[in-house]
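Trainee: What follows is a single structure, and I will ask about it in a moment.
Throughout, read-outs are computed from the coordinates displayed, never taken from laboratory work. Values in this document were obtained by computation on a predicted structure and should not be read as measured data. Here Cβ is always computed from backbone atoms with ideal geometry, including for glycine, and neighbour counts include all displayed protein chains.
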Amino acid sequence: MSNARKDWLQQLDEASKQKQEQFLNGIAAKLQRPRMTQKPQRPLQGAPQFWEQFELGEVEKLEMFQRNFEAAGGYVLRAATLADASNIIVDKAVELKAMHVLRQDEQLLEQLGLEQAMPQVKVRSWNDDALEDWKARAAEADIGVVLADYAIAYTGSLALLSSKTKGRSVSLLPTLLFALVPRSSVVTRLGEVLQPLDELKRLPAGIHFVSGPSRSADIENDLTIGVHGPGIVYTIIIDEL
Amino acid sequence: MSTQQTELKGTVKERAQLALNNDFLRQAVKFTTERLRSGKLKAAEEHGNWEEWRERGRQIRLHTIAHLDYYLGEFANNARENGVHVHFADTAQDAISIALQIAKAKEAKSAVKSKSMVTEEIHLNQALQSIDCEAIETDLGEYIIQLANETPSHIIIPAIHKNRYQIAELLSEDAGEQLPPETSVLAGYVRKKLREKFLQADIGVTGCNFAIAESGSIVLFENEGNARMVSTVPKTQITFMGMERIIPSWADLEVMATLLPRSATGQKLTVYMSGITGPKREEDGDGPEEMHIIILDNGRSLQLGDPEFQELLNCIRCGACLNACPVYRHIGGHAYGGTYSGPIGAVLTPALKKNVAEWDDIANASSLCGACYEACPVKIPLHDMLVSLRRRKVEAGHDHPLERVGMKGFGTVMSNVKVYHRALKLGKLGQKVVVRDGGIRTKIGPLKGWNSHRVAPSISKQLFREQYGELRSELDQQAKAADPAVAARMREWLTGRDGGASHE
Amino acid sequence: MMRLLARYGIVLEFPNVQTCCGQPAYNSGYWKEARAAAKTIIHAFEDSDFVVTPSGSCAYMIHHYPEMFKEEPEWQEKALQLQRKVFEFSNFLVEVLGIQDLGARFPHKVTYHPSCHGSRLLGVKHEPMALLNNVEGLELVPLPFAEDCCGFGGTFAIKMSDISGAMVAEKAEHVIETEAEVLVGLDMGCLMNIAGHLRYRNQPVRVMHLAELLYEGVSYSDEHTANRA
């Protein structure tokens, strides 16, 4: 970024800090009390008490996740091992005659051995080369492969946190998405994933909850799948993980 | 493409009449609102303990608004620490000016937008066009109405008033080829077209469903994926946020995520819920390099400290009130004549401006049935607020002169039972001219409205209070003894209430 | 209503100074005029233990009184006292008196419209159902979209007559769909509104207030018991 630009942004930031004081003073004045600078007491925070105790057993969790995810138009498969999961992905890629596959640059996903299993397909690993145009690669990919951080049974959702090796585009731009979920990462409630975020010092830039394929009912209430995000979403729950 | 506003002519009554005469619109709105409303009821029931969740949602919002200076300050400071450029805008013009500065500095030629009512409110698209920056709506419904040069008619389903043939026509023109009126084909076209736009755009514009104060993050709820697109692909991101759209923590988000999707469409969760905390980290492979958040006031702070309207700021823009409102169901969104429609719009539009003299009669387009209050996930008493709006208009002297005369008459007649009696006697006499078969069908003057759809009843020959004397003596003569069980219960009730004191 | 309660030995007083609860003025924002009317109501019932009204919306209106008299603490106190002793008719029968079965007989197909103020805002939901379910021979058919407003809203029907007309037309359509002989409700405003439209369309559905229906039901029972005796 040019220095001129840096200076301009800095100026804006300075101006904004002053404006902030004005703004907040205005609020306090309207509320007819002095500015509040200490964290206020909160007797009631987050979900109601009874909800925090809601927890499902292993089998029920998986069943509920599957039910909800499939109700939203997604697919849920079980794989005993990572190798099984790899076979599922390869079979699908071959079936659909996929030409480009993009996976997150994670060790577990490397162990899938997709590159070796389908040498005729271009399999790339997110952000492993600083000179590549990764958004373009994601846009041209037929299949994206990610390792979900969590799966939430009650809402039928996957939780995906971004990082250097985990691009947001990998779960967004390709036409078909495979999300691998370690069985041990399946939780019951959304709050189980959200609450720890309050404790983290620094959050990733993107925290995405995905609950099925992209959809819209904007045209005469007629449901259509695959509007901007992936239209086909598979979750593969891996038992050994 | 240009984006003029749909011209808003006439009064609410006139616009409503237009809507009522448009059969397709009425059918479409009815079908959609029923679908969404029953979806919500089903989802709420399935989830269980809905009232407790509503109350919790209300408490969280009330608390946040009551301490808004603290939480907004926290949010801004934390956002800055994440590398966000935070801006404060008192008015729509301020927000536009900041946005245009950013766009100009970037020499932006195109901006892709996800759905944001705030950007509608400030007319962002027009402003961007004016500096030769194409502003492209990417939500399917919004894209469609942008092509049609119209404004959204429902908070959640903006193109509810368009049928598939109209949509096919609009998109065919856009495509330069004839597209069939089939949803999947039409949606497929838009997906392809907008892909290019996403990848080429200089700026991504989002709204903000909830800002999280403690981490300086913003959260977006959507089903299509376009909000994720505009916040991942373009190099610059500008997020517009109403100053009240904020909650303290991620734990609180669970409550909002439980209430919002169910109330809006009956879903357990929208397909995508994205928490964005600052621009990309240096090591990330995607995400915007530069992120701005513009926090907008535009009349919201006017509600603070006003006991009748402060709760208005609790609103999470779910649209449940629209789906529950029988008036909305019959007249659709455009008749409301503002950015926001339905019950929330009827209150927000005047409340944000507080320019009583210019308020139109939108607050009168309600039978005060309270369905909106019942549907609201954060329990905003919209039906009471509508009465408050009416009262303020009257107190400021902007009521209709005829109504004022009528009401003064009401006051005089009702303050004294003798006058009341006389008035009723006169009414009984006067009605002789128009009563036929015990009913009144004339459509003159104030009767016109009523009798265009009904037969009015005549005033009964004998008023209850006139009959009372006779009835009372008849019943006294019967002198039935008080049923002991009943009497006991009444005594119990009195004791419970006043500690035994009675007016024996 | 008076006759029904008399059967249990309760004879209602009707303090003549009362005029109107003031709702039309209140809803239109004319609170000064509304207060004038409200004062007659408060004054009328100052000495009563229980105040019963056959109108859910009037009962609900009285709940607004304390707020209306914010600037007049004396009247506000009286308003609060009144609020505590006001009961909508079916609520009074069921909750206060503990009566659900009046021994009525009404062998007809009936559908029920829950008035907005009474049911949604005042919370009177199960009482009318309890009373209707105990009427011998009565076939209660559910009204589709029963909770939807009938479009009366007091002055709303005059001021926004077209929208109101559309709403009552929809409500009447649902009533006709049920093929009920009788439409019953708690609020004369709603009932008059729907009846007016049904009449306009020459529909023979009979429209009755719950108290009317119950009274007819118990009279019918009385007659038949007497005949059998």
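Trainee: Quote to one decimal, in nm, the extra length available between B:Val405 and B:Phe31 on full extension: 0.36 nm per residue of separation minus the C-alpha distance between them.
Mentor: That pair, B:Val405 and B:Phe31, stretches by 130.5 nm at full extension.
Trainee: List the aspartates and glutamates whose alpha-carbon lies under 16 Å from that of B:Lys104, not counting same-chain residues fewer than 8 positions away?
Mentor: A:Asp7, B:Asp94, B:Asp132, B:Glu134, B:Asp202, B:Glu290
Trainee: Give, in nm to one decimal, the length gained when the segment between B:Ser130 and B:Val356 is fully stretched (0.36 nm per residue of separation minus the Cα-Cα distance).
Mentor: Length gained, B:Ser130 through B:Val356: 78.2 nm.
Trainee: Another question, then. Expressed as a whole number of Å, what is the distance separating the alpha-carbon centroids of region C:1-33 and region A:114-178?
Mentor: 70
Trainee: Given only helices, namely DSSP H runs of n ≥ 4 each adding -39500 (n - 2.57), what is the per-residue ellipticity at 222 nm of chain A, to the nearest 500 deg cm²/dmol?
Mentor: Calculated mean residue ellipticity at 222 nm is -10500 deg cm²/dmol.
Trainee: A follow-up question, please. Pairs of alpha-carbon atoms within less than 8 angstrom and 6+ residues apart define the contacts here; what relative contact order does chain C have, in percent?
Mentor: Computed value for chain C: 19 percent relative contact order.
Trainee: Here is a follow-up. Where in chain C are the DSSP H helices whose C-alpha atoms run 18 Å or more along the long axis and whose mean Kyte hydropathy is at least -1.0?
Mentor: C:31-44, C:56-68, C:161-178, C:210-228
Trainee: Further question: Pull out a ≥ b ≥ c, the square roots of the eigenvalues of the alpha-carbon gyration tensor of region A:1-67, then state rounded if a/c is under 1.5, prolate if not and a/b is larger than b/c, and oblate in the remaining case.
Mentor: oblate
Trainee: R0 = 41 Å: FRET efficiency of B:Glu173 with B:His47, Cβ-based, nearest 0.05?
Mentor: For B:Glu173 and B:His47, the calculated efficiency is 0.40.
Trainee: Top mean-square fluctuation among C:Gly123, C:Gly153, C:Gly29, Gaussian network model of chain C, C-alpha springs under 10 Å?
Mentor: Highest fluctuation of the listed residues: C:Gly29.
Trainee: For the pairs B:Lys109/B:Lys235; B:Lys197/B:Lys235; A:Lys164/B:Lys193, note any where the Cα-Cα span goes beyond 21 Å.
Mentor: Exceeds cut-off: A:Lys164/B:Lys193.
Trainee: What is the projected area of the convex hull of the Cα atoms of the protein assembly as shown, averaged over all directions, in nm²?
Mentor: Spelled out: convex hull of the Cα atoms, projected over all directions, averaged, 44.0 nm².
Trainee: Springs between alpha-carbon pairs under 10 angstrom, Gaussian network model over chain C: which of C:Ser161, C:Ser55, C:Ser90 fluctuates most?
Mentor: So, out of C:Ser161, C:Ser55, C:Ser90, the one fluctuating most is C:Ser161.
Trainee: In deg cm²/dmol and to the nearest 500, what is the mean residue ellipticity at 222 nm of chain C if only DSSP H runs of at least 4 residues count, each as -39500 (n - 2.57), divided by the residue total?
Mentor: Calculated mean residue ellipticity at 222 nm is -15000 deg cm²/dmol.
Trainee: Give the lysines reachable from A:Lys30 as a straight Cα distance under 29 Å; neighbours fewer than 8 places away on the same chain don't count.
Mentor: Cα-Cα hits under 29 Å: A:Lys17, A:Lys19, A:Lys39, B:Lys353, B:Lys354, B:Lys379, B:Lys393, C:Lys32, C:Lys70.
Trainee: Ok, one more. When the helices in chain B are scored as -39500 (n - 2.57) per DSSP H run of 4 or longer and the sum is shared across all residues, what 222 nm value do you end up with, to the nearest 500 deg cm²/dmol?
Mentor: That calculation yields -16000 deg cm²/dmol at 222 nm.
Trainee: Can you give me the Cα centroid spacing of region B:103-132 and region C:58-126 in angstrom?
Mentor: If you average the Cα positions of each part, the centres end up 53 Å apart.
Trainee: For region B:1-102, what is the convex hull (Cα atoms) projected area averaged across all directions, in square nanometres?
Mentor: The Cα convex hull of region B:1-102, projected and averaged over all directions, gives 12.3 nm².
Trainee: A further question follows. Using alpha carbons only, how many degrees (0 to 90, rounded to 10) separate the axis of helix A:58-71 from the longest principal axis of chain A?
Mentor: So the helix axis and the longest Cα principal axis differ by about 90 degrees.
Trainee: Additional query: Hey, with R₀ at 51 Å, roughly what FRET efficiency would A:Leu200 and C:Glu67 work out to, going by the Cβ-Cβ distance, to 0.05?
Mentor: 0.65
Trainee: Additional query: At a threshold of 8 angstrom on Cα-Cα distance, excluding pairs fewer than six apart, so keeping six or more, what relative contact order does chain B reach in percent?
Mentor: Worked out over chain B, it gives 18 percent.
Trainee: Could you calculate the FRET efficiency of A:Gln120 with B:Glu196 from 1/(1 + (r/R0)^6), where r is the beta carbon distance between them and R0 is 25 Å, rounded to 0.05?
Mentor: Here the calculated transfer efficiency is 0.30.
Trainee: Using a 7 Å offset from Cα along Cα-Cβ at C:Thr225, what residues in region C:115-136 end up with backbone N under 17 Å from the label point?
Mentor: Under 17 Å, as judged by backbone N against the label point of C:Thr225, lie C:134-136 of region C:115-136.
Trainee: Sort region B:12-302 into rounded, prolate or oblate with this rule: let a ≥ b ≥ c be the square roots of the eigenvalues of the Cα gyration tensor; rounded if a/c is under 1.5, and if a/c is not under 1.5, prolate when a/b is larger than b/c, oblate otherwise.
Mentor: Note, shape of region B:12-302 comes out oblate.
Trainee: Could you pull out every one of the lysines with an alpha carbon less than 23 Å from that of C:Lys171, ignoring same-chain neighbours closer than 8 positions?
Mentor: Cross-link targets: B:Lys13, B:Lys30, B:Lys40, B:Lys42, B:Lys443, B:Lys448, C:Lys109, C:Lys125, C:Lys159.
Trainee: State the Kirkwood hydrodynamic radius of chain B in Å, one decimal place, computed from all pairs of distinct Cα atoms.
Mentor: Over chain B, the inverse of the mean reciprocal pair distance is 26.0 Å.
Trainee: Quick one: check the C-alpha center-to-center distance for region B:247-321 versus region B:24-41, whole angstrom.
Mentor: The distance from the Cα centre of region B:247-321 to that of region B:24-41 comes to 25 Å.
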